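Heads up, the thing below is written out as structure tokens.
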Amino acid sequence: MIAVTTIRELWRRGQVGWPRRFPIAQFPNPPLLLAFAGWGLGAVAGGTAHDVGRAVFTIGLALWAWLETVSGVNWFRRLLGVAVLVLIVAGLAGDL
């Protein structure tokens, strides 16, 4: 008999992370999926849609980084969140 795996089950498995004892990689969570969607929109669109895509990417990535900083599962993930926040702030400051 062939086992059928649902999307919900794949999502649950992905949230555990890899490696299990010290998760470095996890299946993207909603803020990161939002950032990827914004990145995709910015990559294929021009004009206002491009600008909206870049804004959505930045907001989604900043939200993900903040969540990792305050509630990451280990020190590496929290440090990664801080590093991404610093890069976002530096990039935004450079745009001023």
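Filtering the stretch 15-61 to residues that are part of a loop (DSSP other than H, G, I, E, B), exposed (fewer than 13 other Cβ atoms within 10 Å of the Cβ) and within 16 Å of the chain's Cα centre (by Cα) leaves only Ile24. Determine, yes or no, whether Ile88 is open to solvent by less than 60 Å² (accessible area, probe 1.4 Å), not aromatic (Phe, Trp, Tyr) and not in a loop (DSSP other than H, G, I, E, B). Yes, satisfied. Of the residues in the stretch 68-76, at least one is among the hydroxyl-bearing types (Ser, Thr, Tyr), assigned to a helix (DSSP H, G or I), open to solvent by less than 70 Å² (accessible area, probe 1.4 Å) and at negative phi.
The values are calculated or read from the model by the stated rules, or taken from the named source; none is laboratory data. In this text the structure is predicted, and so the values were computed from the model without any measurement. Heads up, the Cβs are rebuilt from the backbone with ideal geometry, glycines too, and the neighbour counts pull from every protein chain shown. What goes into the accessible areas is simple: the full protein's heavy atoms, side chains included, and nothing from ligands, DNA or RNA. Shrake-Rupley method; radii C 1.70, N 1.55, O 1.52, S 1.80 Å.
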